[in-house]
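J.: One structure, as C-alpha cells, below. Some questions next.
What follows is calculated from the coordinates using simple rules that are stated; it is not laboratory data. Please read all numbers here as calculations on a predicted model, not as lab measurements.
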C-alpha cells in the first residue's frame with residue numbers, strides 16, 4: 001500500500017509540475033495563469049495531447065508541433081523533479097507515526113504544497129533573483145492552516161506551537177540579517193524563512209537547526225566554488241532562496257537523524 005500511494009503521489013506531482021512550468025514562466029512576467037498555453041516562438045496553441053507531463057515532450061521529440069523549434073528540456077525536468085519530491089514526501093509521511101489517516105493526508109498536503117513552491121521558487125529565483133510575494137505570502141497562510149488542521153486531528157498541539165515559534169524565529173533571524181547587512185538578504189528571503197521555519201519546526205528542533213544551517217553551508221560551498229573558478233566575486237549577487245529550500249529538504253528528510261547523531265557524538269543524550 002505504501003508503494004502504491006507513493007506512486008500515486010508521484011503521478012500527482014507530474015501533473016502539478018506541468019502547472020508549475022506555467023507559474024515559473026508567467027508569474028515573474030505578470031502574465032495571467034488562466035491564459036491559453038502557446039508556443040513562445042510561433043504563438044501556436046498547445047493542444048491537450050501536447051500537454052501530457054513528460055510523455056508529450058518525448059513524443060514531440062522536444063520540438064514544437066507547429067514551428068519545429070526546440071522545447072527546453074527544463075519543462076520535463078520540472079515535472080520530473082516535482083514528481084520525485086511528491087513521491088518522497090508521501091513516503092516520508094507514510095513512514096511517520098501518525099495519529100490517523102486524516103492526519104497523514106493533511107500533513108501530505110502541507111508538505112506537498114511546500115514541495116510545489118520549492119520547485120517554482122528555486123527556478124524563479126535563479127532566473128530573476130526574486131521570490132514573488134504572490135507565491136511566498138499565501139504559502140505562509142496555507143501551510144499554517146494545514147498544520148493547524150493536522151494538530152487538531154492528531155491532538156499534537158505541541159508540534160503546532162513549535163512550528164509557530166520556529167517560523168517566527170527564523171523570520172526574525174533573517175530580518176535581522178537583512179537589517180544589519182543591507183543587500184545580503186532580500187525581502188523575499190525573509191518571508192520565505194517563515195515558511196521554512198514552519199515546516200521544519202513542526203518536525204522538531206533538530207530538523208529546524210539542521211535545515212537552517214544547511215542553507216548557509218550549501219550556499220557557502222557554492223559561493224566558494226564560484227569564486228575559485230572566477231565565475232563570481234565577493235560582491236556578486238547569488239540567489240539564496242534555492243539554498244534555503246535545499247537546506248529545508250535536508251532538514252525534513254534527515255534533520256532529526258543528523259541532530260541526534262551529533263548529540264550522541266559529543267556525548268549528549270538525544
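J.: Quick one: pull the percentage of alpha-carbon pairs in segment 194-257 with a separation above 20 Å.
T.: 32
J.: Now, a different point. Quick one: helix 241-250 against the long Cα principal axis of the chain, what's the angle to the nearest 10°, folded into 0 to 90?
T.: 60
J.: Compute the angle between helix 157-180 and the longest alpha-carbon principal axis of the chain, please, reported from 0 to 90 degrees and rounded to the nearest 10.
T.: Orientation of helix 157-180: about 70 degrees from the principal axis.
J.: Out of 88, 112, 248, any idea which swings most in a Gaussian network model of the chain, alpha carbons joined below 10 Å?
T.: 88
J.: Between residue 137 and residue 69, 0.36 nm times their residue separation minus their Cα-Cα distance comes to what?
T.: Roughly 20.8 nm would be gained on extension.
J.: Separate question: Let me check against my output: what whole-number percent is the relative contact order of the chain, with C-alpha pairs under 8 Å and at least 6 apart?
T.: Averaging sequence separation for qualifying contacts and normalising by length gives 16 percent for the chain.
J.: How large is the direction-averaged shadow of the alpha-carbon convex hull of segment 96-270, in nm²?
T.: Convex hull of Cα atoms, orientation-averaged projection: 10.9 nm².
J.: Specify the residue with the greatest mean-square fluctuation among 140, 217, 252, computed from a Gaussian network of the chain linking alpha-carbon atoms under 10 Å apart.
T.: 217
J.: While we're on this one: Please identify, among 60, 20, 77, the residue showing maximal mean-square fluctuation in a Gaussian network model of the chain using a 10 angstrom Cα cutoff.
T.: Checking each option, the largest mean-square fluctuation is seen for 60.
J.: Please report, in whole Å, how far the alpha carbons of segment 107-173 spread along each principal axis, starting with the longest.
T.: Rounded to whole Å, the extents work out to 42, 26, 14 Å.
J.: Moving on. Two-decimal Rg/Rh of segment 1-78 from alpha-carbon positions, Kirkwood Rh? Intermediate results must be reported in sequence, preceding the final value.
T.: Numbers: Rg = 13.8 Å, Rh = 13.6 Å.
Rg divided by Rh gives 1.02.
J.: Can you give me the Cα centroid spacing of segment 11-27 and segment 49-86 in angstrom?
T.: Centre-to-centre distance over Cα atoms comes out at 11 Å.
J.: Take the Cα atoms of segment 49-147, find their three principal axes, and give me the spread along each one in whole Å, biggest first.
T.: Reported extents, whole Å, longest axis first: 53, 29, 19.
J.: Based only on the alpha carbon positions, what is the Kirkwood hydrodynamic radius of segment 148-243, in angstrom?
T.: Numbers: mean 1/r = 0.0690 Å⁻¹.
Value: 14.5 Å, from the Cα pair sum.
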